């Protein structure tokens, strides 16, 4: 690889990333879909490999949290991406609906599901914009795993309140973010407006997983 040439294109790559980040939050549904499809097609969101070429096996600590609320549960995964959560958590849930705006992500999620026939009968993937998506029924768990910050900040609270009407009795939201410092305002907003059930703040990283529900 010509490293000098790579450095020459770094500013352009950064500019494209900034534009994509803006469009994924503020673009129309069609625009968001195109951007996400480009990124999934390019491999940007493929599972990360380590230096040996093997897929990293460290398990996301958020999955343990999801599992604690998933026994016999109907799960709604908003911004599900490749739909991995349905296959990574214990097979104790009743049903799972994964929603994502990207056609390419859902195509790959559906393929992975077909390779796991024991779960396929209770998994559904849907191509929709989560900002306007209307769930078909109440859910015991509504999950935002690295997706809630793609909702414009000024609409986040209203979006959570809208989806709260689709929580089953005693149902919970689970939100996972990769950087609790960067998204501290978001997490504080959740604390102010909802009843926090538990936090998962690993000592060896900056992630945060918060479980919360409507206040009585």
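For the structure I just gave you, tell me whether residue 186 is in the same structural domain as residue 75 (by TED's automatic domain parsing), crowded, with 18+ Cβ neighbours inside 10 Å and more than 21 Å from residue 85 (Cα to Cα). Outline the logic, then answer.
Details: in the same structural domain as residue 75 (by TED's automatic domain parsing): yes; crowded, with 18+ Cβ neighbours inside 10 Å: yes; more than 21 Å from residue 85 (Cα to Cα): yes.
When the stated conditions are applied, residue 186 passes them.
Being assigned to a helix (DSSP H, G or I) and surrounded by fewer than 18 Cβ atoms within 10 Å (Cβ to Cβ) is the filter here; which residues of region 70-111 pass it? Before you say what the answer is, go through the steps one by one.
First, pick out the residues of region 70-111 that are assigned to a helix (DSSP H, G or I): 85-88, 103-111.
Matches in region 70-111: 87, 88, 103, 107, 110, 111.
Could you please let me know if residue 133 is surrounded by 15 or more Cβ atoms within 10 Å (Cβ to Cβ), in contact with a strand residue (DSSP E or B) (Cβ under 8 Å, 6 or more places away or on another chain), at pLDDT 95 or above and more than 19 Å from residue 88 (Cα to Cα)? Can you show your working first?
Working: surrounded by 15 or more Cβ atoms within 10 Å (Cβ to Cβ): yes; in contact with a strand residue (DSSP E or B) (Cβ under 8 Å, 6 or more places away or on another chain): yes; at pLDDT 95 or above: yes; more than 19 Å from residue 88 (Cα to Cα): yes.
Yes.
Okay, residues lined up against (1) in the same structural domain as residue 204 (by TED's automatic domain parsing); (2) out of contact with any strand residue (DSSP E or B) (no Cβ under 9 Å at 6 or more places or on another chain); (3) on the phi < 0 side of the Ramachandran plot; (4) at pLDDT 80 or above:
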{"site": "35", "(1), (2), (3), (4)": "no, yes, yes, yes"}
{"site": "56", "(1), (2), (3), (4)": "no, no, yes, no"}
{"site": "78", "(1), (2), (3), (4)": "yes, no, yes, yes"}
{"site": "86", "(1), (2), (3), (4)": "yes, no, yes, yes"}
{"site": "91", "(1), (2), (3), (4)": "yes, yes, yes, yes"}
{"site": "96", "(1), (2), (3), (4)": "yes, no, yes, yes"}
{"site": "104", "(1), (2), (3), (4)": "yes, yes, yes, yes"}
{"site": "118", "(1), (2), (3), (4)": "yes, yes, yes, yes"}
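How many residues does region 112-166 contain that are in contact with a helix residue (DSSP H, G or I) (Cβ under 7 Å, 6 or more places away or on another chain), in a helix (DSSP H, G or I) and touching a residue at least 24 places away in the same chain (Cβ under 8 Å)?
Going through region 112-166 one residue at a time, the tally reaches 8.
The values are calculated or read from the model by the stated rules, or taken from the named source; none is laboratory data. This structure is a prediction, so every number in the text was calculated from the model and none was measured. When we count neighbours, we look across all protein chains shown, and the Cβ atoms used for this are built from the backbone with ideal geometry, even at glycine.
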